[in-house]
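The values are calculated or read from the model by the stated rules, or taken from the named source; none is laboratory data. If you're wondering where the values come from, they're calculated on a predicted model, not measured in any experiment. SASA here: full protein model, heavy atoms, side chains in, ligands and nucleic acids out. Shrake-Rupley method; radii C 1.70, N 1.55, O 1.52, S 1.80 Å.
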Amino acid sequence: MEKMIEDLKLGFYQTFILKDNYQYFVRGIGITLQVTLFSLIFGLILGVLVAIVRSAHDQQPENRRNPILGVFDVIAKIYLTVIRGTPTMVQLLIMWFVIWAGTRSSDTNLIRCAVLTFGINSGAYVAEIVRSGIMSIDKGQMEAGRSLGLSYAQTMRRVIIPQAIKNVLPALGNEMITLLKETSIVTVIGLKDLTKGAMIIQGNTYQALVPYFAIAIIYLAMVLILTWIMGKVERRLRESDLR
C-alpha cells in the first residue's frame, strides 16, 4: 500500500509539477474547447440549413415539387449518407492528409482543419435532429404564419425553427457532449489538444497512470458542466412556456 501511495505521489509530481507539465493540460483544454465551440457553431448552421432543405422538400405535394429544391435535397441526402456512414477519424485523416496536403503544419492550420472536419460531421447529425423537430411542429403553424403575410423563409425563421430547436434541445445537448469527446482524435494529425498533452507527458515520464486518469477526470468535469448548463437552459425554457 505504501509503495502504491509513493508511486502515485511520484506520478503526480511528474505529471503536473516536473518541468511545469501542467501547462500541457492548460493549453490542451484551451484547444479542445476552441475546436468544440467553433465546430458546434459551424455544424449547427450547416445542420439547420440542411434540415430546412430536407423538410421543405418532404412537405411539398409529390405532384408539385420544385425541381431545384429536389436537386438540393439529393445533395443533402448524399451528404448525410457519406458523413454518417464513415468514421470521423477517417474524415479527419482525409481532410488533413489529402485535402489539406502540403499545408504548413501549424497550430492555426490544424485547428482550422479540425473545426471544418468536426463541423461538417456534426452538421449531418444536427440536420437530422433539427429535421425531426421541424416535422414535429403542427402544419397549422406554417399556415398561420403564411396567413399573417409572412413568407416561407420568414415563417421558418420566426415561427417553426425556434419551436423545433426548443423541442430537440436535449438531443442537441447530447450532440454537443459527443462532439466534445470526439475532438480527442485530433491527436492523429498532431494537434496538441488535451489528449495529446497527456500523451506527451507519458512519453517524457514513462508514466501513464496519472496523465490518462487526469484527462479522463478533466473530460468528465467538462461534460458535467455542459450537462448542468443544458439543464439550466431547458428549465428556463420550460418556465417561459408556463408563463
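Structure summary
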| read-out | value |
| --- | --- |
| Within the chain, helix-based [θ] at 222 nm, where runs of 4 or more DSSP H residues each add -39,500 (n - 2.57), nearest 500 | -25500 deg cm²/dmol |
| Lysine pairs in region 90-243 with Cα atoms under 24 Å, if 8 or more residues apart or on separate chains | 6 |
| Region 110-192, Rg to Rh (Cα coordinates; Rh as Kirkwood inverse mean 1/r) | 1.16 |
| Nearest 10 degrees, 0 to 90: helix 194-205 Cα axis against the chain principal axis | 10 |
| Accessible area per residue in Å² at 1.4 Å probe, computed on the chain | 58 |
| Cα-based equivalent ellipsoid of region 18-174: semi-axis lengths in Å, sorted from largest, via gyration tensor | 37, 19, 12 |
| Portion, in percent, of the accessible area of the chain that falls on carbon or sulfur, probe 1.4 Å | 65 |
| Of Ile120, Ile161, Ile94, the one that fluctuates the most in a GNM where the chain has Cα springs shorter than 10 Å | Ile94 |
